[in-house]
Amino acid sequence: MTPLPTLRQLQFFMALVRRESFSKAAEDCLVSQSTLSSAIKEMEALMAQQLVDRSTRAFALTPAGEEVAKRAPALLAGAEDLVRSASGRNPLEGPFTLGIIPTIAPFMLPRAAKALKKAYPKLQLYLREDLTATLAERLAAGLIDAAILAFPYDLPGLDSFEFSDDPFWFACANDHPLADKKSLRRDDIKGCELLLLEDGHCLREHAIDACELRDRDAAASFGGTSLFTLAQMAKSGLGATLLPDMAVREGLAKSTGLKVIPFTKPVPSRKIGIAWRRGSGRREEAEALAETIKTALN
């Protein structure tokens, strides 16, 4: 019988591939760095192949490591689905790790978490806030079960379901040249200096695409890391910004003294949805989560 690596070793290896760091991978797996390193070495000895190239300072996989990294996620997903099916538990009972991006989390979670607790009292919900690209990687590696994201966004190997529309508002200080407008067309803000989130936040790309802007319409002198920071900068007169409807409804503009102006049709917007790993058996749970959250937000 061919000796096989354990699922735990595969989990450690995929955490290392994702984080490109033994210490960070160990932190994600809640073990010591020496424990994770020993598990990887045992796996290499078992397979008689070196998986991690230790001859360079930068993290790199050997060709054998690349092949294992490509095949391991499907094995782990299948094992996870097997355990879930054999347990006989009902959907949304027990632990469930949900990722969520920073431009949604503070505006959705307060109401959504309360509704989910009421609808699924046996659900043990663990939340992970991060950028879309990182959450997609964590989903593919089996480190989270599903993620609330903004769309459009390309998610190879993942399935998704959009459940809400989130229109953009133009937000500015009361003395801004456009502050007296009752509504705006997309063309009205072209050439207007806009404060947007820095590269890496999908909201930046969504705002630029939805409003048919160019990158140079965004203020090059400032790249915010949160909508709260953008609102404060706009209030200070450094430029205007675009806020998603869920942030406006939760009082972000009002609390910072910003004037918000709606767009005429077709209103620029982003879509809110939930993603899960293809083949993981999480579709039913993901769609149930989405329906509960949608109801809570309306």
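The values are calculated or read from the model by the stated rules, or taken from the named source; none is laboratory data. Predicted model only: the values in this text are computed from it and were never measured. Methodologically, a virtual Cβ is constructed for each residue, glycine included, from the backbone with ideal geometry; neighbour enumeration extends over all protein chains shown. Ligands, DNA and RNA are excluded from the accessible area calculation, which covers all protein heavy atoms including side chains. Shrake-Rupley method; radii C 1.70, N 1.55, O 1.52, S 1.80 Å.
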Query raised in the report: For Asp180, which of the numbered conditions (1) part of a strand (DSSP E or B); (2) under 22 Å from Gln232 (Cα atoms) fails to hold?
Result: (1)
Report summary line: Reported set for the stretch 254-267 where residues are out of contact with any His (no Cβ under 8 Å at 6 or more places or on another chain) and either surrounded by fewer than 22 Cβ atoms within 10 Å (Cβ to Cβ) or under 27 Å from Ile144 (Cβ atoms) (or both) is Lys254, Ser255, Thr256, Gly257, Val260, Ile261, Pro262, Phe263, Thr264, Lys265, Pro266, Val267
Query raised in the report: Among the residues of the stretch 115-133, how many are part of a strand (DSSP E or B) and open to solvent by less than 50 Å² (accessible area, probe 1.4 Å)?
Result: 1
Query raised in the report: Within the bounds of the stretch 108-127, is there any residue that is more than 20 Å from Glu287 (Cβ to Cβ) and among the hydroxyl-bearing types (Ser, Thr, Tyr)?
Result: no
Query raised in the report: How about the stretch 134-144: which of its residues are in a loop (DSSP other than H, G, I, E, B) and open to solvent by less than 20 Å² (accessible area, probe 1.4 Å)?
Result: Ala141, Ile144
Query raised in the report: Can Ala218 be described as within 21 Å of Asp188 (Cβ to Cβ), modelled with pLDDT of 90 or more and crowded, with 19+ Cβ neighbours inside 10 Å?
Result: no
Query raised in the report: Scanning for something open to solvent by 80 Å² or more (accessible area, probe 1.4 Å), touching a Leu at 6+ places or on another chain (Cβ under 9 Å), modelled with pLDDT under 90 and over 14 Å from Arg282 (Cα atoms), does the stretch 147-159 turn up at least one residue?
Result: no
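Here are Lys271, Lys294: which of them is touching a residue at least 60 places away in the same chain (Cβ under 8 Å), within 18 Å of Arg204 (Cβ to Cβ) and surrounded by fewer than 18 Cβ atoms within 10 Å (Cβ to Cβ)?
Testing whether each residue is touching a residue at least 60 places away in the same chain (Cβ under 8 Å), within 18 Å of Arg204 (Cβ to Cβ) and surrounded by fewer than 18 Cβ atoms within 10 Å (Cβ to Cβ) leaves just Lys271.
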Query raised in the report: Would a scan of the stretch 75-97 turn up a residue that is free of Cβ contacts under 8 Å to residues at least 12 places away in the same chain and open to solvent by less than 30 Å² (accessible area, probe 1.4 Å)?
Result: no
Report summary line: Listed by first then second residue, the pairs whose first member lies in the stretch 1-28 and is part of a loop (DSSP other than H, G, I, E, B), whose partner is at pLDDT 90 or above and open to solvent by less than 40 Å² (accessible area, probe 1.4 Å), with beta carbons under 7 Å and at least 6 positions apart or on separate chains, are Pro5/Met43
Query raised in the report: Within the stretch 2-49, how many residues are at positive phi and open to solvent by 90 Å² or more (accessible area, probe 1.4 Å)?
Result: 2
Query raised in the report: With respect to Asp199, is the statement that it is at pLDDT 85 or above, acidic (Asp, Glu), open to solvent by 10 Å² or more (accessible area, probe 1.4 Å) and within 30 Å of Leu98 (Cα to Cα) true?
Result: no
